[in-house]
1. What residue, among those in the stretch 60-72 that are open to solvent by 40 Å² or more (accessible area, probe 1.4 Å) and not aromatic (Phe, Trp, Tyr), is nearest to Gly86 (Cα to Cα)?
2. Scan the stretch 1-12 and tell me whether some residue there is in a loop (DSSP other than H, G, I, E, B) and either at pLDDT 85 or above or in contact with a Ser or Thr (Cβ under 8 Å, 6 or more places away or on another chain) (or both).
Amino acid sequence: MWRFFVLGVLLVIVYFMVRSALRGLLGTNKEVARSVGAPGSPSDMIQDPVCGMFVPKEGSFFLQQSDRTFFFCSETCRASYQKKLGAG
């Protein structure tokens, strides 16, 4: 009796593995990579003035200075920029 139980469990596992593999091959997987920002609209990419890396505007670190806003890839770059402004 336990053999039928083990065989049934193995068949279920094989079924889900085959189904997952077929979904991957046929492109019907429902998991989709989402971009930052509102659905359907691409996020604006901006360049970090310190390291030159391009980062999405949403979710980036920023520094408001008079009438300009500067965007950074990390807090380290923002701190480096602030330090450079203080020294100059």
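The values are calculated or read from the model by the stated rules, or taken from the named source; none is laboratory data. From a predicted model like this one, the values you see are computed outputs, not experimental measurements. Note that we place each Cβ from the backbone using ideal geometry, even for glycine, and neighbour counts take in every protein chain shown. For the accessible areas, the whole protein counts, side chains as well, though only heavy atoms, and no ligand, DNA or RNA atoms are used. Shrake-Rupley method; radii C 1.70, N 1.55, O 1.52, S 1.80 Å.
1. Residue satisfying both the conditions and the ranking: Gln65.
2. Among the residues of the stretch 1-12, at least one is in a loop (DSSP other than H, G, I, E, B) and either at pLDDT 85 or above or in contact with a Ser or Thr (Cβ under 8 Å, 6 or more places away or on another chain) (or both), which makes the answer yes.
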